[in-house]
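Please treat every number below as a calculation from the coordinates, not as lab data. Note that the structure is predicted; figures quoted are calculated from it, not measured. Heads up, the Cβs are rebuilt from the backbone with ideal geometry, glycines too, and the neighbour counts pull from every protein chain shown.
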Amino acid sequence: MSARNVLVTGAGGFIGRHVCALLALGGYRVRGTGRRSTPAGGITGLKDWMPVGAVDANTDWSGVLEGMEVVVHLAGRAHVMHDRADDPLAEYRRVNLAGTENLARQAARLGVKRFVFMSSVKVHGESTGVARGFTENDAPNPGDAYALSKWEAEQALRRVSDESEMEIVVLRPPLVYGPGVGANFLRLMRVVDLGWPLPFAWIRNSRSLIYVGNLADAVRACLESESAAGRTYLVKDMDVSTPELIRMMAGALNRRARLFGVPPALLRGGAWLVLRPRMMQRLLDSLVIDDAHIRRELSWSPPVPVPEALARTALWFRQMYGRTS
């Protein structure tokens with residue numbers, strides 16, 4: 001595509017900051033938007049910033065969309081391990097479904113050419129075997145309110161595309177890591193950095209991950225390739241077991257990985273003594289994807305090698321949290 005004016009929603013978030021910086025470096029004129037009147041900490045590469053407030057069925061996007069040719073929609077209600085909302089599904093649908101459909105319909109009316117939507121591998125389910133990963137052809141099987149809202153949003157976007165000339169592209173990433181990461185990946189980094197012994201030496205799982213810079217580059221590919229129109233892509237840069245990931249983290253942090261073996265069944269049974277059960281599930285189970293589709297159709301491959309990606313993440317961790325000895 002020749003479009004150069006791009007709106008990035010959720011531009012102040014973990015993924016959004018990296019997407020804005022990469023697109024600006026590639027010559028795009030990037031408008032960022034989010035809930036705040038100004039982005040916290042500044043965002044590299046923004047042409048301008050227009051706050052939009054809450055994202056739901058009533059959001060007025062007309063001023064924000066003016067002059068935009070492409071929308072990269074990253075804003076949404078993020079997945080949380082322990083949701084405290086009275087009705088989590090209603091809250092996810094309010095933002096991730098109704099908010100997304102409202103934005104897409106306004107974008108289509110205003111002549112936006114392409115709409116790139118950040119969905120999630122969780123649309124397919126919570127786990128796979130070690131050998132065979134999810135592909136885009138596997139039936140959706142969302143296992144929680146967050147994943148269901150993402151799947152419903154994808155379907156709503158297809159309806160908007162069918163009723164207009166706006167092209168839809170959907171990305172379904174697995175766990176995303178890199179500078180600015182939070183949640184479970186950050187918790188695990190802290191534990192590894194502290195040198196705590198971890199009982200995962202006997203785990204033989206496999207999980208797909210993607211570095212945030214590589215995900216940003218996949219977004220770029222989805223903007224630029226004519227072949228991406230109407231497509232859905234799974235995307236990753238590595239498959240790794242939990243003990244392998246801990247060893248790689250430890251190496252990047254210049255620490256020694258301290259692993260010992262406990263049977264997985266005992267870990268599952270005693271999860272409440274060690275970590276939250278849902279976090280333990282992610283450390284023990286496999287969730288693998290096959291991303292041959294995006295590599296073949298868009299000639300895409302992750303530009304940042306995994307060792308460098310982990311080194312960049314470790315450097316950010318050191319700058320944020322200190323402790324070098």
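Some values worked out for this structure:
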quantity	calculated
C-alpha long axis of helix 145-162 to longest principal axis of the chain, angle in °	30 degrees
Nearest-20 debye value, region 234-314 charge dipole, Cβ charges on Lys, Arg, Asp, Glu	460 debye
Antiparallel bridge percentage (DSSP; both residues within the chain; nearest 5)	15 percent
For Ser286, residues with placed amide H under 5 Å, excluding near neighbours	Thr128, Ser206
Cα shape, region 96-145, gyration tensor, a/c 1.5 rule	prolate
Helix axis angle, 183-194 relative to the chain longest principal axis, alpha carbon, degrees	30 degrees
Two-site label geometry, Arg318 and Ala40: point separation in nm, points 7 Å out along Cα→Cβ	2.6 nm
For region 221-229, Karplus couplings with θ = phi - 60° (6.51, -1.76, 1.60), whole Hz, Gly/Pro x	4, 5, 6, 8, 8, 5, 5, 6, 4
At 1.567 mPa s and 4 °C, Stokes D of region 28-180 from Kirkwood alpha-carbon radius, µm² per second	78 µm²/s
Under Karplus coefficients 6.51, -1.76 and 1.60, residue-wise ³J(HN,Hα) of region 44-58 in Hz, glycine/proline x	5, x, 5, 6, 7, 10, 10, x, 10, x, 5, 9, 7, 5, 9
Cα convex hull of region 169-225 - mean projected area over all directions, nm²	5.3 nm²
Estimated 222 nm signal from helices in the chain, with DSSP H stretches of n ≥ 4 weighted -39500 (n - 2.57), rounded to 500	-11000 deg cm²/dmol
Gyration tensor verdict on region 185-325 (Cα atoms; rounded if a/c is under 1.5, prolate if a/b is larger than b/c, oblate otherwise)	oblate
Relative frequency of Cα-Cα separations exceeding 37 Å in the chain, percent	16 percent
Efficiency of FRET between Arg204 and Arg258 - r from beta-carbon atoms, R0 30 angstrom, step 0.05	0.95
Likely footprinting exposure, Ser119, Ser206, Ser62, fewest C-beta neighbours within 10 Å first	Ser62, Ser206, Ser119
Theoretical gain in end-to-end length, Ser62 to Ala265 [0.36 nm per residue, Cα-Cα removed]	67.7 nm
Given the chain, longest segment not containing exposed loop trypsin sites (Lys or Arg not before Pro) (DSSP; at most 14 other Cβ within 10 Å)	133-203
Simple Cβ-charge dipole of the chain, Lys/Arg +1 and Asp/Glu -1, about Cα centre, in debye nearest 20	1240 debye
Pairs of Lys in the chain closer than 26 Å at Cα, counting only those 8 or more apart or on different chains	5
Cleavage-rule hits (GluC sites (Glu not before Pro)) in region 119-200: DSSP loop, at most 14 neighbouring Cβ within 10 angstrom	Glu163, Glu165
Folded to 0 to 90 degrees: helix 14-25 orientation relative to the chain principal axis, Cα	60 degrees
